[in-house]
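The structure under discussion appears below in the form of C-alpha cells.
The values are calculated or read from the model by the stated rules, or taken from the named source; none is laboratory data. Please read all numbers here as calculations on a predicted model, not as lab measurements. All Cβ positions, glycine included, derive from the backbone under ideal geometry; neighbour counts span all protein chains shown.
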Amino acid sequence: MPVEIYSNGSFLLKVRLVNKRRHLPSFLIRVQAGDGSVLFPYVAAGASEEKYLPMAAGQRGRRSLDAVTVSSAFPFSFFIRFRRIATLFEYIVFPEPKKCALDDLLKREHRARGDASSDRAGYEGDLLSLRNYAQGDPMKYIHWKASAKSKELKTKELSSLSQQPVVIDFEKTGIRNREERISCITYLLLRLCKRNIPAGLRIGGLVFAPGTSASHKIAMIRELALYGEEHAET
C-alpha cells in the first residue's frame with residue numbers, strides 16, 4: 001500500500017508475485033483484489049514480477065483487503081486453479097483534502113505575524129558575517145566593497161528566514177460539520193508542510209507540537225483519519 005491514500009480518490013496497489021520454484025516458470029497467474037485484478041503472463045523460476053492495480057480509496061478510516069485470490073487457467077483454460085490469501089491487508093484512508101475559508105484566515109494571520117530571522121546561514125535575511133568566496137556561491141551575494149579592500153572575493157552570509165509556526169485547534173475552527181472540518185484541516189496541514197511551515201494540531205486531547213517532517217505530517221493526518229473511530233465527538 002502507498003503511505004498516503006486519500007478519501008474519495010484512487011491509489012495504486014503494488015502486487016509482487018514471487019515464483020519460489022527452482023526450475024519451473026509460472027504461467028498466466030491472476031491476482032484479484034477487491035473489484036480488480038492483474039495478470040502475470042510469465043514469471044521465470046526463482047524470479048519475481050511487480051504490477052500495479054488501481055483501487056478506489058473509499059471513505060476515511062481503517063480499511064482492509066480480505067478477499068485476495070491467486071488463480072491460474074493454465075494450461076489452455078481446461079480448469080482453473082485458485083488459492084485464497086488468508087492474510088488480512090490493513091491500511092488507513094486519509095481524509096479528502098478540501099480548501100475552505102479557514103485557509104484564507106490563516107494566510108492573513110501569517111502575513112500579519114511575518115517571518116522570523118534565524119541565526120542559521122541562508123540567502124534571505126539579515127547579514128550575519130562575511131567569509132571567503134567558495135565555489136558555487138551565487139555572484140549576487142559577493143560583497144564587492146569588502147572584496148576590494150581585502151583583495152579576495154568575500155561572500156555575504158545571510159540569516160535564513162524561519163516561518164512562524166501554526167497550530168490548528170480542531171475544536172476552534174468554527175466549522176460545524178465534522179467531515180468538512182476534518183477535510184479542511186487536512187488540506188491546511190498538507191499546504192503548510194509543503195511550504196515548510198511548522199504545523200501543529202490539537203485534537204481529541206492530543207497535542208502535536210509544530211513540525212515540518214513527513215512523519216509528523218502523517219501522524220497528524222492519521223489522527224484526523226481515525227477521528228470518530230477512536231475519539232468521541234465533543
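Key figures
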item	result
Test: residue in region 161-176 that is surrounded by 11 or more Cβ atoms within 10 Å (Cβ to Cβ), at pLDDT below 75 and farther than 24 Å from residue 207 by Cβ	yes
Test result for residue 77, of a type in the set (Ser, Thr, Tyr) and either at pLDDT 90 or above or surrounded by 12 or more Cβ atoms within 10 Å (Cβ to Cβ) (or both)	no
Within region 182-202, tally of residues that are assigned to a strand (DSSP E or B) and either acidic (Asp, Glu) or buried (at least 19 other Cβ atoms within 10 Å of the Cβ) (or both)	2
All positions within region 21-45 that are touching a residue at least 24 places away in the same chain (Cβ under 8 Å) and surrounded by 15 or more Cβ atoms within 10 Å (Cβ to Cβ)	26, 28, 29, 30, 31, 32, 33, 34, 43
Residue match in region 116-128 (condition: hydrophobic (A, V, I, L, M, F, W, C), under 30 Å from residue 225 (Cα atoms) and modelled with pLDDT under 85)	no
Exclusive hit being over 16 Å from residue 3 (Cβ atoms) and in a helix (DSSP H, G or I), set 223, 179	179
Residue satisfying all of: in region 6-17; of a type in the set (A, V, I, L, M, F, W, C) and under 18 Å from the mean Cα position of the chain (by Cα); nearest to residue 96 (Cα to Cα) among these	11
Scan of region 25-42 for residues that are of a type outside the set (Asp, Glu) and under 23 Å from residue 65 (Cα atoms), ordered by number	28, 29, 30, 31, 32, 33, 34, 36, 37, 38, 39, 40
Tally, over region 210-227, of residues that are in contact (Cβ under 8 Å) with a residue 40 or more places away in the chain and of a type in the set (A, V, I, L, M)	5
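Here is a yes/no grid of residues against (1) modelled with pLDDT of 90 or more; (2) over 25 Å from the mean Cα position of the chain (by Cα):
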position: 4; (1), (2): yes, no
position: 19; (1), (2): yes, yes
position: 31; (1), (2): yes, yes
position: 43; (1), (2): yes, yes
position: 85; (1), (2): no, yes
